[in-house]
Every structure is written in structure tokens, then in C-alpha cells.
1. If I filter segment B:96-108 for residues that are touching a strand residue (DSSP E or B) at 6+ places or on another chain (Cβ under 9 Å) and surrounded by fewer than 18 Cβ atoms within 10 Å (Cβ to Cβ), do I get at least one hit?
2. Name every residue in segment B:211-235 that is touching a Phe, Trp or Tyr at 6+ places or on another chain (Cβ under 9 Å), farther than 13 Å from B:Ile190 by Cα and more than 7 Å from chain A (Cβ to nearest Cβ), in order of residue number.
3. So, B:Glu231, is that one acidic (Asp, Glu) and exposed (fewer than 14 other Cβ atoms within 10 Å of the Cβ) or not?
4. Name every residue in segment A:98-125 that is over 22 Å from A:Pro10 (Cα atoms) and buried (at least 23 other Cβ atoms within 10 Å of the Cβ), in order of residue number.
5. How about segment B:175-208: which of its residues are of a type in the set (D, E, K, R) and either surrounded by 12 or more Cβ atoms within 10 Å (Cβ to Cβ) or under 18 Å from B:Phe158 (Cβ atoms) (or both)?
6. Please indicate, with yes or no, whether at least one residue in segment B:144-159 is modelled with pLDDT under 85, farther than 26 Å from B:Pro93 by Cβ and either out of contact with any strand residue (DSSP E or B) (no Cβ under 6 Å at 6 or more places or on another chain) or of a type in the set (Asp, Glu) (or both).
7. For residues in segment A:32-49 being more than 9 Å from chain B (Cβ to nearest Cβ) and in a helix (DSSP H, G or I), which is surrounded by the fewest Cβ atoms within 10 Å (Cβ to Cβ)?
8. Of all residues in segment A:1-14, which are surrounded by 17 or more Cβ atoms within 10 Å (Cβ to Cβ) and in a helix (DSSP H, G or I)?
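The values are calculated or read from the model by the stated rules, or taken from the named source; none is laboratory data. None of these values were measured; they are calculated from a predicted model. Cβ atoms come from the backbone with ideal geometry, glycine included; neighbour counts cover every protein chain shown.
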Amino acid sequence: MHIPDGYLGPATCGIFYAIMLPIWTAASRIVKKTLKARQVPLLAIGAAFSFVIMMFNVPIPGGSTGHAVGGVLVAILLGPWAASIAITVALVVQALLFGDGGITAIGANCFNMAFVLPFTGYYVYKAISYNASADSSRRMLAAGAAGYIGINVAAFLAGVEFGLQPLLCHTANGQALYCPYGLKIAVPAMAGEHLLIFGWVEAVVTALVVKYLQKEAPEVIEEGGM
Amino acid sequence: MLKNNNFIERSIMGALSFLKESVFADEYALRKGLLQSLDPRIKAATFLLFIIQAILIKDILILLCLYALCLSLACLSKINLGFFLKRTWIFIPLFSLFIAIPALFSVFTPGETLAVIDLLGFKLIITRQGFFGALLFVTRVITSVSFAVLLSITTKHFELLKALRIFKVPQIFVMILGMCYRYIYLFMEIIENTYTAIKSRVGLEVHYKRGQRIVALNIAFLWYRSYRLNEEVYNAMLSRGYDGEPVILHDFKTSAKDWLWLFFVIILFMGLTYLGAKARV
């Protein structure tokens, strides 16, 4: 899901930075307004948590392991705007210090994983768990569905971003300058693996974490969602 | 991504290699080489120019020259070339190389025939557009990844995050970045210790369903611990004078060498842009 440098053309990278700029500004303003002073470290902790979730190896049938992104989980725990900041910080640290995800692609990666993923997931979770009590099993189901839908929407958009490159950037004789696969290949490839495998990893992890928190620390679920 | 291995062992190895790599990176950042001696702000700005240039270039030869420059800078900064090549090629460029292979063929990239491979009577046509497109794609990825990695291993991580101020990143973000960076290490240690404890108690053979529950329980527990940590961290910040507004200490100093480097990179950037434009005509 992390788009590296060199996959997207300069125009696409620029457009996504331009799209994310007002989102980051709005997120800072909203979080500053709603966040109590004593919750400031929570953003940094949330960012580190977002970073670390991606390091967990989740076992899947067949003896393999996969990774969850955890964006929806962070949105359920912190609220979508705070999650947007936390995931952005995690993505910047990954790109800048660990070479995971491109520096020029930070705008696009943040759009997919720090905006679309947490917001889609958060509102799906809110819609399904509407009026449910903190210990209701509907919240666990809502979290699973939100994780699955959130990651799939984000993956579909990443596929579209890849697939647009041969159309947008090519030489006169049709040679691709960036990602060489068009929409017909990039979108099914990205969407397929997430619909069949990674979406389920995300759903299982998100649902089970919410279930454990409901059982062991219900106040975290009640206080979440700034 | 899918990995065919035991998740407990893999989690321990992942956390360990993360911590080990960070120690290596710090070791390189402390060496007395060319890039280590530069002001982190100027270095970050110039490396951003290099990466932008790597994205803009459309000529494979100019891109290869930029990659050669990156390798030369690594050598001048006393980075072991073997370590650097291994660090940069694994994982993204190798993955890119792998996914670029089908793009060579006419099935995915129609165009002029460059070569024909006879595979058990089945003819595979490599097109000129497919070959040069894939080559340019992989070279572009490795060049930009190499510059990004070179920047991160020749700069102390904490300084690199502070250097973001020159890009007008708000102080609150810089503060959160710095704090987040420290917590990542704390969390990595927690993961490593937890999985080592799990390994010693339940072994490595765990059914995947139980494995998923173990992972989810660990993530939930990590969040619970982190959430409770917030209060202590806030009190520690208050005791150090935090009054609601972050203050970042200004301790960077530029020298003539930094300005000379900046001048060199700007001239190079302009030169490459000119060459790129000329190559297109």
C-alpha cells in the first residue's frame, strides 16, 4: 500500500500534496480545538502506534503471514481527524527515516492511508455501531466491517493512481515513464489482493482488538473518537 | 505483503532487525564523511532536489548518471558500498524489478519488436517500449530510494526530523514527529519482549486462528499501555516547562561548506533540467 518514489509522475505527486495541504490544516485546527492539552502526547503515541501496527505479522491460513495497516483502528481509538495526523506522522517517519514509501509520494500515501482509510472506516464503524453500548458485540462487527471496507477503498484508489500513470505520462512512442501498468491491470491487482487477503487481515485485527479493548479496557473505547 | 514463515519468529526478527538497523544508521551518521559534515537543513533540502530530479528525468542515461552520483556520495561519506547496495536494493527496487518483468512483453506493452523469446514453442515478444519503460521505471525507483536512504543514514534521525522546519512544517508536527520517533523504539522493545515471552511459553507452532488472537491481544494491550502512558508523559512535559506551545531549540549552524554544497546542487539541478529538456527535443 505504501507507494514508493518513482511509481507516480510529478503531476500526480503535486496534486496529492495540494489535496492533502487543506486536509492537514483542517486536521490541525480541529484537533487543536477538541484535544485537551493533556492529550497532546497521545497524538505522538498514536503515531508511534500506527507505525508499529504495520510491523505486526498476522498469521493467515496456509502458514503465511500478512500485515495490517491499522488506520481504521487508530481512527476508532482517536477519532478520524486525530488519526489523520497520527497516520501522517507515521508515514513521514517511515518515508524519511526508513525508506518505506516515497518522499515525493507522501501526499498520495497520506491521501490513501491517512485520509480515505481512517475516514471511510470511522464512518462505517459509526454507522454500524450507532447507539450500541460500549460492550455490544455490534461494535466488534462494525470494527471488522470498517477495517475491511476502509482498506479496500484505499487500495482501490492506490490502484487507480498507479493505473493512471501510463495514460498521464508517456513518451511519443507510447513508452511509460512511471508505473508501467494501466487501469485494467493495476486496479484489479491492487483491489484483488485486498478483497481476498489483506482486507480480511485488516478486518480480523481491527475486530479482535476492539473486542479485547471492550473486555479489558472499555473506557478506552468510550473515551475514543475525539 | 505475504511472508511464508512463523509469525512469532518473524515478529521477533522484525523487531530485532529494526533496532539493529537503527544502531547501524546511527553509526554511519556519526562518521566523518562529506554528507555527515553538512547542515541537516541544507542536506535535506538538497536531497529533496535530487529526488525531485530523479522523478522528472525522462532520459535513462541522465538518470544513471544521477544514480552514479548517489553511489559516489555514499563512498565519499564513508558508507560501505556493499551495505548501501544491500540496504537500497532490498526490498522496494527488487520488488519493482519483479513487477516490471511482465511489462517487457507485448501482452502488457504493445509496440515495436525488440526481441523474440521462444519458450517451448510459445513466442514471447519483448517490445522496445516495454523494455525501455521497465528499465527507466526500475532505475528511477532505485535512484530515488538510494537518495532517500543516503539522507537517512548520513543524518542523525532526530536532527533530520527537526530539519523539517525549513519546509515550514508547523512546530506541533515537528514536536509530534520527535516524540513519535522515541515511542517507536519503546514499542519495538515491548513487541520484542512480548514475542520472546510467547515463544518461551507456547513455542512456535500455533494455529493461525489462535495466532490472530495473540496478535490482536498484543495490539490491544500495547494501545492500553500507551494510553495510560499519556498521563505520565504529559506530567513530565509540564515539569520541563511545557505551557501548551511547543518550543524547538535552534541549534543548527551553517558554514561556507554548506552554502558551497547548496550552490553545487542548484547548478547540477539546473544542468540536469537543461540536459533533460535538450534530450526531449
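1. Within segment B:96-108, one or more residues are touching a strand residue (DSSP E or B) at 6+ places or on another chain (Cβ under 9 Å) and surrounded by fewer than 18 Cβ atoms within 10 Å (Cβ to Cβ).
2. B:Ile214
3. The answer is yes for B:Glu231.
4. Of everything in segment A:98-125, those that are over 22 Å from A:Pro10 (Cα atoms) and buried (at least 23 other Cβ atoms within 10 Å of the Cβ) turn out to be A:Leu117, A:Pro118, A:Gly121, A:Tyr122, A:Tyr125.
5. Let us first name the residues in segment B:175-208 that are of a type in the set (D, E, K, R), namely B:182, B:189, B:192, B:199, B:201, B:205.
Hits for segment B:175-208 are B:Arg182, B:Glu189, B:Glu192, B:Lys199.
6. yes
7. Ranking the candidates gives A:Lys33 first.
8. Looking only at segment A:1-14, we keep the residues that are surrounded by 17 or more Cβ atoms within 10 Å (Cβ to Cβ), and these are A:1-9, A:12-13.
Those that are surrounded by 17 or more Cβ atoms within 10 Å (Cβ to Cβ) and in a helix (DSSP H, G or I): A:Thr12, A:Cys13.
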